[in-house]
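In what follows, a single structure is set out as structure tokens and then discussed.
The values are calculated or read from the model by the stated rules, or taken from the named source; none is laboratory data. All values derive from a computational prediction rather than experimental measurement. Glycine gets a Cβ as well: all are built from the backbone with ideal geometry, and neighbour counts include every protein chain shown.
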Amino acid sequence: MSGAAPARLELPVRGHVMAAVACGWLSAAGLCLTYLGIGGLVDAVTGGGAIGWRPPALMAAGIVLAVAGVLGQGRAGGAGEAVAETAVRARIHAAILARGPLGEPRPDGEPVTGSLASLATDGAAKVAAWRGGFLGELVAAVTTPLVVVAVVAVVVDPAAAAVLLAVVAAVPVVIGGFQRMFRASTSAYQAQSRRLAAQFLESIQGLRLLTLLGAAERRSRLLAEESERHRRATMRLLAGNQLVLLVTDVAFYGALIGAGTAVALVRHAEGAIPLGTALALVPISLLLTEPISVAGGFFYIAMAGRAAQRQVVRALAGAGERRAVPPPGAGDGEAAVELAGVVAGHGDGPAVLDGIDLRVGHGEMVALAGPSGAGKSTLLSVLAGELAPRAGTVRLSARGGGPARTVLVPQRAWLFTGTVAGNLRLADPDADEERMWSVLREAHLAEEVEAMPGGLDARVGEEGLTLSGGQAQRLALARALLVDADVLLLDEPTGHIDARSERLVIDTLRRLRGTRTIVVATHSEAVMEVADRVVEVAGVREVAR
Ligand SMILES: Nc1ncnc2c1ncn2[C@@H]1O[C@H](COP(=O)(O)OP(=O)(O)OP(=O)(O)O)[C@@H](O)[C@H]1O
């Protein structure tokens, strides 16, 4: 991926942020008035005169504003965070579903599914804490000095306000410098953290495969190395954070409070302001350090949130590209599938398909044949819009024109832990029982599901392991039928199943023939016999080793 600045992530939290800012200003103004009220009391007492209505009124108004501001800011921040987290999570979930559970690794090497899962949990919370919660607080804190200076100018002394304003102006410049200094290390830390989470997750998902391949030990060494790199990135981040805290404490607090006190003393000595009011300027100058007090939050919330936001934007952009790249646009209405000069391959690997032309008519059933590795599954991935062709055109059209809807049943039936109905409803969340039974009947699975305890509510275990391979394949087929797609893509539907299931699947294919366009990759003669036409795929090239 390029290092170009990612687009903004639109979240419905503008109102929450503005409310948090307004509340922050209220509480700052309230505190100023409270201190000035106390200063007024001191002046009245030391001056020996009557207290009058002004100091108590200032104090009362100040306390009410401060309390309302603090409470309001907390509420606005909490609500904004919840709204933002829900929005980010929903968009990432949509991206996960768009990619499918077996999403390919991206060109930058990040494993897609694990990475997105980590983003949807940890990443979404960080983005939400930043955009929904902390952003309003931050804007309020950074602009609080202006509110304070304005109150001082109006209620106390414009000259003192002008000096405070000059000191305050230096603060954003220095904060900006620190932010730039540590941005790279925070981003690196985030990327490291996500990569580690993704690798752990995918190692767990593929544990059985890793063990079978004898790769478990290699993988565990890799994870140990990644953990060590992550530990070092954490240490660097913490060291940077400590440095910022030290610098801000020593330099800014000293400078701002010192400046506030000096201004107060000088103006009092000049007779411009009474003693009590001068004393009130000292705690008021403490409010000028608000931007600094949130600087620590930059590391824990804002910078972590912004780094996560960059990742989310990039991941969502990636999802868009994957869906849009192979543009299966509307065809001329004469053919359901039209491929011309299609070249395709995986990642940076060699071309698997090299100049493929294919035309499939509406309602036609075409079997893709060819030796293992010829590229049958690759071709189906191109048709499903999962793999972008490197060259050539792919056109899929529905009967009567318009873009076609496709659905792919992969070689390995991927079922999720839950019920039969839950697995079916992945394809159509609104499907009612009648519709589900209907597709189960079409896939010749209805009788077996009826016999299961709970029927449609029967539990399908981890990865569907309580079902036989043949049952799982037929359930995946039923799920695909629920999509009601124009083009049904089947990858080895009889590949790894028992003879009875094979017969049932073939019978289903026979019944489906003519009802929709079907492209089926297969080694089975029996499946080829059912098809209207058999196309030999032989786009594979010898790879020099
Ligand atoms: N995700 C992937 N990443 C890299 N290479 C891949 C990927 N999937 C397939 N290939 C390679 O692409 C080539 C074609 O594989 P493909 O699965 O499309 O063939 P196939 O004809 O479907 O084989 P089979 O009949 O065994 O299913 C093979 O060399 C394979 O190693």
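Which of the residues spanning region 512-524 are in contact with a helix residue (DSSP H, G or I) (Cβ under 7 Å, 6 or more places away or on another chain) and surrounded by fewer than 22 Cβ atoms within 10 Å (Cβ to Cβ)? Spell out how you get there, then give the answer.
In the first step, residues of region 512-524 are kept if they are in contact with a helix residue (DSSP H, G or I) (Cβ under 7 Å, 6 or more places away or on another chain); the result is 513, 518-522.
The answer is ARG513, and nothing else.
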Exception for ASP491 within (1) of a type in the set (Asp, Glu); (2) more than 20 Å from VAL366 (Cβ to Cβ); (3) surrounded by 15 or more Cβ atoms within 10 Å (Cβ to Cβ) falls at (2)
Of LEU265, LEU237, the only residue that is touching a Phe, Trp or Tyr at 6+ places or on another chain (Cβ under 7 Å) and either surrounded by 14 or more Cβ atoms within 10 Å (Cβ to Cβ) or not in a helix (DSSP H, G or I) (or both) is LEU237
Query raised in the report: Quick check, is THR522 out of contact with any His (no Cβ under 7 Å at 6 or more places or on another chain), within 14 Å of the ligand (Cβ to nearest atom), modelled with pLDDT of 90 or more and among the polar types (S, T, N, Q)?
Result: yes
Taking region 466-516 and keeping residues of a type in the set (Gly, Ala, Ser) and outside any helix (DSSP H, G or I) leaves SER468, ALA485, GLY495, GLY514
Subset of region 525-536, residues over 17 Å from PRO371 (Cα atoms) and in contact with a helix residue (DSSP H, G or I) (Cβ under 6 Å, 6 or more places away or on another chain), comes to VAL530
Log entry, pairs with first residue in region 265-292 being of a type in the set (A, V, I, L, M), second being outside any helix (DSSP H, G or I) and buried (at least 20 other Cβ atoms within 10 Å of the Cβ), beta carbons closer than 7 Å, six or more apart or on different chains, reads ALA272/ASP157; ILE273/ASP157
Given (1) within 30 Å of VAL449 (Cα to Cα); (2) at pLDDT 90 or above; (3) within 12 Å of the ligand (Cβ to nearest atom), PRO410 misses just (2)
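Would it be correct to say that ASP507 is over 41 Å from the mean Cα position of the chain (by Cα) and either in contact (Cβ under 8 Å) with a residue 40 or more places away in the chain or in the same structural domain as LEU440 (by TED's automatic domain parsing) (or both)?
Details: over 41 Å from the mean Cα position of the chain (by Cα): yes; either in contact (Cβ under 8 Å) with a residue 40 or more places away in the chain or in the same structural domain as LEU440 (by TED's automatic domain parsing) (or both): yes.
Criteria met by ASP507.
Results for (1) closer than 28 Å to THR277 by Cβ; (2) surrounded by fewer than 14 Cβ atoms within 10 Å (Cβ to Cβ); (3) without any contact (Cβ under 8 Å) to a residue 12 or more places away in the chain, shown as yes or no for each residue.
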position: PRO12; (1), (2), (3): no, yes, no
position: LEU58; (1), (2), (3): yes, no, no
position: GLY74; (1), (2), (3): no, no, yes
position: ALA82; (1), (2), (3): no, no, no
Among the residues of region 336-352, the number that are touching a strand residue (DSSP E or B) at 6+ places or on another chain (Cβ under 9 Å), within 16 Å of the ligand (Cβ to nearest atom), touching a residue at least 60 places away in the same chain (Cβ under 8 Å) and farther than 16 Å from ASP491 by Cβ is 1
* Evaluate region 12-22: report whether one residue or more is in a loop (DSSP other than H, G, I, E, B) and of a type in the set (A, V, I, L, M, F, W, C). => yes
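Looking at region 148-193, which of the residues that are modelled with pLDDT of 80 or more and small (Gly, Ala, Ser) is farthest from the chain's Cα centre (by Cα)? Give the steps one after another, and end with the answer.
In the first step, residues of region 148-193 are kept if they are modelled with pLDDT of 80 or more; the result is 148-169.
Then keep just the ones that are small (Gly, Ala, Ser); that gives 150, 153, 159-162, 166, 169.
Values: ALA150: 41, ALA153: 46, ALA159: 50, ALA160: 48, ALA161: 45, ALA162: 45, ALA166: 41, ALA169: 36 Å.
Among residues in region 148-193 that are modelled with pLDDT of 80 or more and small (Gly, Ala, Ser), the one farthest from the chain's Cα centre (by Cα) is ALA159.
For residues that are among the charged types (D, E, K, R) and in contact (Cβ under 8 Å) with a residue 60 or more places away in the chain, scanning just region 353-403, find the one that is farthest from the ligand (Cβ to nearest atom).
At the first step, the residues of region 353-403 found to be among the charged types (D, E, K, R) are 354, 357, 359, 364, 376, 386, 390, 395, 399.
Checking the rest, the ones that are also in contact (Cβ under 8 Å) with a residue 60 or more places away in the chain come to 354, 364, 376, 386, 395, 399.
Details: ASP354: 12, GLU364: 20, LYS376: 4, GLU386: 10, ARG395: 21, ARG399: 28 Å.
In this case the residue turns out to be ARG399.
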Among (1) of a type outside the set (Phe, Trp, Tyr); (2) touching a Ser or Thr at 6+ places or on another chain (Cβ under 6 Å); (3) more than 13 Å from the ligand (Cβ to nearest atom), THR419 falls short only on (2)
